[in-house]
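Q: One structure coming up, written as structure tokens, with questions to follow.
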Amino acid sequence: AKEMVRVGAGLLEELVNLAGESSIVRARIEQGMSDFTGALDEMETTIDRVREQLRRLEMETEAQILFRKDTSDGPSYEDFDPLEMDRYSQLQQLSRGLTESASDMLNLKDTLLVKARESETLLLQQARINTELQEGLMRTRMVPFERLLPRLRRVVRQVAGELGKQVELVVGNAEGEMDRSVLER
């Protein structure tokens with residue numbers, strides 16, 4: 001035999017409302033995750049743009065170093081390659097530092113993207129659980145229609161007797177269920 005627990009209709013209604021609010025909050029979190037993923041895509045575009053600008057900066061710096069060698073009025077250093085000095089140029093060091101930072105940002109973006117996808121998976125699982133919870137709570141509000149039949153037959157007999165008419169009550173699918181509040185109305 002199934003065990004039965006009596007729960008007040010007010011408490012049941014409150015639980016159904018809380019499950020609904022939980023669904024709304026989950027939808028807002030899903031929207032936030034979608035916005036977050038979009039921001040990560042924009043971040044990747046920005047990183048690509050910074051990398052391209054750094055590449056052009058390095059090319060320009062090398063061109064200036066070569067230009068200075070060609071126009072130098074000082075002593076001639078035939079065996080000296082000015083591009084070897086680029087590692088000592090503060091501009092080159094800054095450029096390399098920015099390139100490393102852009103690479104680090106890309107790694108950070110990838111890590112955040114993995115975490116966002118994991119969160120989206122958890123949200124999907126939570127959505128499934130929340131849907132099952134809401135459906136379960138809604139089923140607790142359902143009662144068999146046949147429970148109302150004796151009262152309905154009595155009302156029909158009384159009205160028929162008061163009006164002096166013959167009435168036949170035909171009910172189909174009486175084993176179906178209805179929401180308790182609808183049935184009471």
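Q: Name the one entry in 61, 45 that is at pLDDT 90 or above and among the hydroxyl-bearing types (Ser, Thr, Tyr).
A: 45
Q: In segment 8-27, what count of residues is obtained for those that are in a helix (DSSP H, G or I) and over 17 Å from residue 129 (Cα atoms)?
A: 6
Q: Still on this structure, I have one more. Modelled with pLDDT of 80 or more, closer than 30 Å to residue 67 by Cβ and of a type outside the set (Asp, Glu) - does that describe any residue in segment 126-143?
A: no
Q: Also, I was wondering about something else. Under 9 Å between Cβ atoms, which residue pairs at least 6 apart in sequence (or on different chains) link something in segment 108-123 that is under 15 Å from residue 30 (Cβ atoms) with a partner that is open to solvent by 50 Å² or more (accessible area, probe 1.4 Å)?
A: Qualifying pairs under 9 Å: 116/36; 119/29; 119/36; 120/30; 120/34; 123/29; 123/30.
Q: If you don't mind, another one. Please verify whether residue 130 is in contact with a Ser or Thr (Cβ under 8 Å, 6 or more places away or on another chain) and not β-branched (Val, Ile, Thr), treating the condition exactly as stated.
A: For residue 130, the condition - in contact with a Ser or Thr (Cβ under 8 Å, 6 or more places away or on another chain) and not β-branched (Val, Ile, Thr) - is met.
Q: A further question on this structure: How many of the residues in segment 16-42 are open to solvent by 70 Å² or more (accessible area, probe 1.4 Å) and more than 14 Å from the chain's Cα centre (by Cα)?
A: Of the residues in that region, 5 qualify.
The values are calculated or read from the model by the stated rules, or taken from the named source; none is laboratory data. Computed from a predicted model, the values in this text were never measured in an experiment. Virtual Cβ from ideal backbone geometry, glycine too; neighbours counted across all protein chains shown. Areas reflect the complete protein model, heavy atoms only, side chains present, ligands, DNA and RNA absent. Shrake-Rupley method; radii C 1.70, N 1.55, O 1.52, S 1.80 Å.
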